[in-house]
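Structure record follows, encoded as structure tokens.
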Amino acid sequence: MSIRHIVLYPHKALTTAAQPIESFDDQLHQLVDDLAETMYNAHGIGIAANQIDVLQRVTVIDTGKENGPGLLELINPRVVESEGSTKSSEGCLSFPQLTVDVKRASEVAVEYQDRDGQEQRIEASGLLAIALQHEIDHLDGIVFTERIGPIKKKLALKKYRKLLEEQANA
Ligand code: CO
């Protein structure tokens, strides 16, 4: 296992759709393990392969034991049902320190494959539902600032550039 470098917006991998996984081999297992280690090291609750510049449809999520099942490893995940609407403050490891209010479905059903290629399904609400939608968006090359209106997006990106500048000068 190793901690991988997380790319920051506007890196091209973040706005490029990832390719489906077809081989459930050692290389995939290594990627899944690296994603989990990288996520925990960065204190995130989810990370998609795009964020380490790997364009494959793999994401891991851990919203904690109170909000979900613990570590979830999702290969080729897709939202198959969604219901309701909720707005919450989201962060993203590829946008350090930026938070954005994003409106999403409040409940989702997601189908995916596990690391051995077995079909799985999970139904989620609350924080886990939001994390699932955020990470699956990453696999489609969609970052959270694409999920808000154009004026809010402009303000959020302006704030983000300022945060990056402050971090560079710190
Ligand atoms: Co993110």
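Identify the residue in the stretch 113-170 that is on the phi > 0 side of the Ramachandran plot and not in a helix (DSSP H, G or I) and, among all such residues, is surrounded by the most Cβ atoms within 10 Å (Cβ to Cβ).
141
Using beta carbons and a limit of 7 Å, which pairs, at least six apart or on different chains, have the first residue in the stretch 14-41 and under 25 Å from residue 145 (Cβ atoms) and the second one of a type in the set (Ser, Thr, Tyr)?
14/94
Could you give every pair whose Cβ atoms fall below 8 Å, whose first residue belongs to the stretch 95-109 and is in contact (Cβ under 8 Å) with a residue 60 or more places away in the chain, and whose second residue is open to solvent by 90 Å² or more (accessible area, probe 1.4 Å) and more than 15 Å from the ligand (Cβ to nearest atom), counting only separations of at least 6 or pairs across chains?
98/159
Being open to solvent by less than 80 Å² (accessible area, probe 1.4 Å) and more than 24 Å from residue 4 (Cβ to Cβ), is that true of even one residue in the stretch 70-77?
Among the residues of the stretch 70-77, not one is open to solvent by less than 80 Å² (accessible area, probe 1.4 Å) and more than 24 Å from residue 4 (Cβ to Cβ), which makes the answer no.
May I ask you to verify whether residue 112 is of a type outside the set (Lys, Arg), within 16 Å of the ligand (Cβ to nearest atom) and touching a Leu at 6+ places or on another chain (Cβ under 7 Å)? So that I can check it myself, show each step before the final result.
Numbers: of a type outside the set (Lys, Arg): yes; within 16 Å of the ligand (Cβ to nearest atom): no; touching a Leu at 6+ places or on another chain (Cβ under 7 Å): yes.
Against the criterion (of a type outside the set (Lys, Arg), within 16 Å of the ligand (Cβ to nearest atom) and touching a Leu at 6+ places or on another chain (Cβ under 7 Å)), residue 112 does not qualify.
For the stretch 103-112, name all the residues that are open to solvent by less than 50 Å² (accessible area, probe 1.4 Å) and either touching a Ser or Thr at 6+ places or on another chain (Cβ under 7 Å) or not β-branched (Val, Ile, Thr) (or both). Break it down into steps so the answer makes sense when it comes.
Going through the stretch 103-112, the residues open to solvent by less than 50 Å² (accessible area, probe 1.4 Å) turn out to be 104-106, 108-110, 112.
Of everything in the stretch 103-112, those that are open to solvent by less than 50 Å² (accessible area, probe 1.4 Å) and either touching a Ser or Thr at 6+ places or on another chain (Cβ under 7 Å) or not β-branched (Val, Ile, Thr) (or both) turn out to be 104, 105, 106, 108, 109, 112.
Of (1) on the phi < 0 side of the Ramachandran plot; (2) among the acidic types (Asp, Glu); (3) within 16 Å of the ligand (Cβ to nearest atom), residue 53 satisfies all except one. Which?
(1)
The values are calculated or read from the model by the stated rules, or taken from the named source; none is laboratory data. Since the structure is predicted, the reported quantities are computational estimates derived from the model, not experimental observations. Neighbour counts are summed over all protein chains in view; Cβ atoms, including those assigned to glycine, are modelled from backbone coordinates with ideal geometry. Heads up: the accessible areas ignore ligands, DNA and RNA and are worked out on the full protein's heavy atoms, side chains in. Shrake-Rupley method; radii C 1.70, N 1.55, O 1.52, S 1.80 Å.
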